[in-house]
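Worksheet: the structure to be examined is printed underneath.
What follows is calculated from the coordinates using simple rules that are stated; it is not laboratory data. Just so we're clear, the structure is a prediction, and the values are computed from it rather than from any experiment. Cβ sites come from the backbone with ideal geometry, for glycine too, and all protein chains shown count toward neighbours.
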Amino acid sequence: MKKTVSFLVSGRGSNFHAVAKAIMKGTIPAKMGVVISDTEGVRALDIAQELSIPSFFINPKQYKSRQEHEKAMVQLLGEYNTDVVVTAGYMRLLTPYFVHEFKNKIINIHPALLPAFPGTHAQRQALEYGVKISGCTTHFIDEGTDSGPIILQKAVPVYDDDTEDTLSARILKEEHQLLIESVRLFCKDKIVIKGRKVYIVR
Ligand code: GRF
């Protein structure tokens with residue numbers, strides 16, 4: 001049975017767009033679920049509309065607590081029979097409640113080679129540190145910040161004249177491919193998680 005993939009987004013939505021196109025082309029054998037944004041009027045919501053994918057803005061400010069906000073999201077994800085949640089540029093930390101609801105079923109893309117440079121502005125952190133190689137990482141979300149089991153990683157060079165923008169653009173190109181491949185492997189049941197290690201079944 002095909003799995004249903006849903007997305008949490010906050011902004012531009014280029015990673016969501018890349019994965020959505022791969023699902024629609026059949027590169028990823030999956031069904032499209034729902035797109036949920038915590039921010040109103042973002043490009044990701046426009047893309048969802050253009051692709052006729054159900055999408056909703058769930059305003060965190062309307063809820064008493066983070067968990068109440070997440071309960072509303074969990075309910076909506078359930079209504080769309082979600083098997084896997086992709087956090088594609090979702091800028092909010094998930095509480096243990098949400099992580100537990102989708103244990104080992106939330107895939108995140110991070111623009112650095114974890115465990116280096118977790119959190120926000122990963123590309124800026126990499127430049128300021130002076131690393132010669134950075135890249136991107138896909139991982140399952142656990143209770144920590146960018147600390148869950150790593151699925152795939154891809155390295156890119158950092159050049160002397162890089163700015164945050166040039167490095168981010170180089171990494172972003174790889175993010176799209178890495179996220180597509182990670183979601184594809186998950187949907188084909190090719191991923192086995194043991195503790196904090198992820199094994200790809202070939
Ligand atoms: C990406 O760099 C992603 O790794 C990070 O936030 C950015 C989101 O970009 N978490 P987009 O919304 O997918 O275009």
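Which semi-axis lengths, in whole Å and largest first, follow from the square roots of five times the eigenvalues of the Cα gyration tensor of the chain?
Output for the chain: semi-axes of 25, 19, 18 Å.
Run through the stretch 1-102 and list the trypsin sites (Lys or Arg not before Pro) located in a DSSP loop whose Cβ has at most 10 other Cβ atoms within 10 Å.
Numbers: sites: Lys2, Lys3, Arg12, Lys21, Lys25, Lys31, Arg43, Lys61, Lys64, Arg66, Lys71, Arg92; in loops: Lys2, Arg12, Lys64, Arg92.
In loop regions of the stretch 1-102 (DSSP not H, G, I, E or B), the sparsely surrounded trypsin sites (Lys or Arg not before Pro) are Lys64.
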- [ ] Mind jotting down the distance between the C-alpha centroids of the stretch 3-30 and the stretch 124-202, whole Å?
- [x] 17
- [ ] Could you work out, for the stretch 60-174, what percent of all Cα-Cα pairs fall into each 5 Å distance bin, beginning at 0 Å and stopping at the bin that holds the largest distance?
- [x] 2, 11, 21, 20, 15, 12, 10, 6, 3, 0
Open item on the list: Less than 12 Å from a label point 7 Å out along the Cα-to-Cβ axis of Ile193: which backbone N atoms in the stretch 88-121 qualify, by residue?
Closed with: 99-108
Task: Long-range HN-HN contacts of Phe57 with modeled amide H, under 5 Å - done: Ser37
TODO: Give the angle, between 0 and 90 degrees and rounded to the nearest 10, that separates the Cα long axis of helix 164-187 from the longest principal axis of the Cα atoms of the chain.
DONE: 50
TODO: Pull up the cross-link candidates among the lysines for Lys71, meaning alpha carbon to alpha carbon under 17 Å and not fewer than 8 places away within one chain.
DONE: Lys61, Lys103, Lys105
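Based on the Cβ-Cβ distance of Gln75 and Lys105, what FRET efficiency does E = 1/(1 + (r/R0)^6) give at R0 = 25 Å, to the nearest 0.05? The partial results should precede the final answer.
Values: r = 16 Å, r/R0 = 0.65.
For Gln75 and Lys105, the calculated efficiency is 0.95.
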- [ ] Measure nothing fancy, just the Cα-based angle from helix 66-79's long axis to the longest principal axis of the chain, in degrees from 0 to 90, nearest 10.
- [x] 70
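Mind giving me the FRET efficiency for Arg43 and Glu164? R0 is 22 Å, r the Cβ-Cβ distance, nearest 0.05 is fine. Don't skip to the answer; put the middle values down first.
Details: r = 19 Å, r/R0 = 0.89.
The value I calculate is 0.65.
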Task: Hull volume in cubic angstrom per residue (convex hull over the Cα atoms of the stretch 1-97) - done: 90
- [ ] Among DSSP beta bridges whose residues both lie in the chain, state the antiparallel percentage, nearest 5.
- [x] 50
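Of the listed peptides 181-193, 153-165, what is their order by residue-averaged count of other C-beta atoms within 10 Å, with the highest listed first?
Values: 181-193: 17.5, 153-165: 13.0.
Most protected by this proxy first, the peptides run 181-193, 153-165.
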Task: Ellipsoid semi-axes in whole angstrom, largest first, where each is sqrt(5λ) of the Cα gyration tensor of the stretch 60-128 - done: 26, 15, 10
Task: Extension gain (nm, one decimal) between Met24 and Arg66, 0.36 nm per residue minus Cα-Cα - done: 11.9 nm
